[in-house]
Amino acid sequence: MKPLDPHKTPYTRGDVVTRGFKKDGLVTAHTPTYLEVRWNEAGNEGNDKIERVPTADIDTLVRVAHADGLSPGGKQTNLESLEAIESLERVRALAIERMKTIKNPQEQLEVNSLIARANATDGCDWDKQHYVGLMKLALELWNVGLIFKLQERAHRMVCARHKKLTA
């Protein structure tokens, strides 16, 4: 088992740290001049604070778990939890930006439909296989190629499930 002491084992992305056992966070980056920590602010979900702790102040932190250790939920490692948080934050930011560009209620319905299809547990196999493409079509329309747009439209026309929803 690796020691938690950062003088014996250097910090890595995904390590869990605390400051005075009052707040906990995940190491997002480390350089010779600072350690970047995403603090989990209690009651402030979705608005974690990212702080660059200068090397001189790193001793105020205590590592409580390594990146490859199981997260509190026990289903993934601490690093995988950090990556999931960062991914969800990216989706949230894209959704906020996309909302600013929606021109009319019809376009809003189309975006909502794409997101619902991408996340449906009882959806069709094509939608399940093309989750990323559907989410990009909903949130990053400018970042989707013409071929995928045509495939998605053709799929909607031939898929019995989507014919029912549009009828």
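The values are calculated or read from the model by the stated rules, or taken from the named source; none is laboratory data. These figures come from a predicted structure and were not determined experimentally. Methodologically, a virtual Cβ is constructed for each residue, glycine included, from the backbone with ideal geometry; neighbour enumeration extends over all protein chains shown.
Kindly evaluate residue 84 against the criterion of being in a helix (DSSP H, G or I), touching a helix residue (DSSP H, G or I) at 6+ places or on another chain (Cβ under 8 Å) and surrounded by 12 or more Cβ atoms within 10 Å (Cβ to Cβ).
For residue 84, the condition - in a helix (DSSP H, G or I), touching a helix residue (DSSP H, G or I) at 6+ places or on another chain (Cβ under 8 Å) and surrounded by 12 or more Cβ atoms within 10 Å (Cβ to Cβ) - is not met.
Out of 161, 98, report the one residue that is in contact with a Cys (Cβ under 8 Å, 6 or more places away or on another chain) and either of a type in the set (D, E, K, R) or buried (at least 16 other Cβ atoms within 10 Å of the Cβ) (or both).
Of 161, 98, the one residue that is in contact with a Cys (Cβ under 8 Å, 6 or more places away or on another chain) and either of a type in the set (D, E, K, R) or buried (at least 16 other Cβ atoms within 10 Å of the Cβ) (or both) is 161.
Considering only the range 67-80, I want to know if a residue exists there that is outside any loop (DSSP other than H, G, I, E, B), of a type outside the set (Phe, Trp, Tyr), more than 30 Å from residue 119 (Cα to Cα) and modelled with pLDDT of 90 or more.
no
Hey, among 29, 95, 65, which residue is in contact with an Asp or Glu (Cβ under 8 Å, 6 or more places away or on another chain), in contact (Cβ under 8 Å) with a residue 24 or more places away in the chain and among the small types (Gly, Ala, Ser)?
Answer to the check: 65.
Using the structure shown, decide if residue 141 is in the same structural domain as residue 28 (by TED's automatic domain parsing) and either among the aliphatic types (A, V, I, L, M) or in contact with a Lys or Arg (Cβ under 9 Å, 6 or more places away or on another chain) (or both).
no
Does the range 118-167 hold any residues that are in a helix (DSSP H, G or I) and among the charged types (D, E, K, R), and which are they?
125, 127, 128, 136, 149, 152, 153, 156, 161, 163, 164
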